[in-house]
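The values are calculated or read from the model by the stated rules, or taken from the named source; none is laboratory data. Here the structure is a predicted model, which means the values were calculated and not measured. Areas reflect the complete protein model, heavy atoms only, side chains present, ligands, DNA and RNA absent. Shrake-Rupley method; radii C 1.70, N 1.55, O 1.52, S 1.80 Å.
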Amino acid sequence: IEKGELEKYGYFYDRPRTTHHPVSNIKYEGYKLPYWDETIDMIKKAHPVIFGFSTIGWDIAFTPDGPVIVEINQRFSVKGLQICNGGLRKRWEELKKK
């Protein structure tokens, strides 16, 4: 998702993984999230003004006018990320080196 593109599957707690959104029927794989570059820029600008968090979970809404920060969370779950990506340890170690 680093380039703003979704991967093959969507995951839900109450059903098996799926390749298409259950309401819109949009295919996940290759779907480009709108305003991706603007979203990353917005978060990079907002992050330095937030103190006391070792990690931050960002909830972002994509509106017709661009991305909007809905909320940030100090305590957030990485369970979904782990399920979708088969573990994040390798990526975490790469990021720590930067």
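Subtract the Cα-Cα distance of residue 41 and residue 17 from 0.36 nm times their separation in residues, and report this length gain in nm to one decimal. Numbers along the way, then the final one.
Working: separation 24, 0.36 × 24 = 8.64 nm, distance 3.10 nm.
The span from residue 41 to residue 17 would gain 5.5 nm if fully extended.
Can you send over the carbon and sulfur percentage of the accessible area for segment 6-98, probe radius 1.4 Å, protein chains only?
It is 56 percent, rounded to a whole number.
Give me the accessible area of residue 18, 1.4 Å probe, in Å² rounded to the nearest 10.
40 Å²
Inverting the mean 1/r over all pairs of different Cα atoms, compute the Kirkwood radius of the chain and quote it in Å.
With all distinct Cα pairs of the chain included, I get 15.4 Å.
Mind checking which lysines have their C-alpha under 17 Å from residue 8, skipping anything on the same chain fewer than 8 residues away?
Of all the lysines, those that pass the test against residue 8 - Cα under 17 Å, at least 8 places apart if same chain - are 27, 32.
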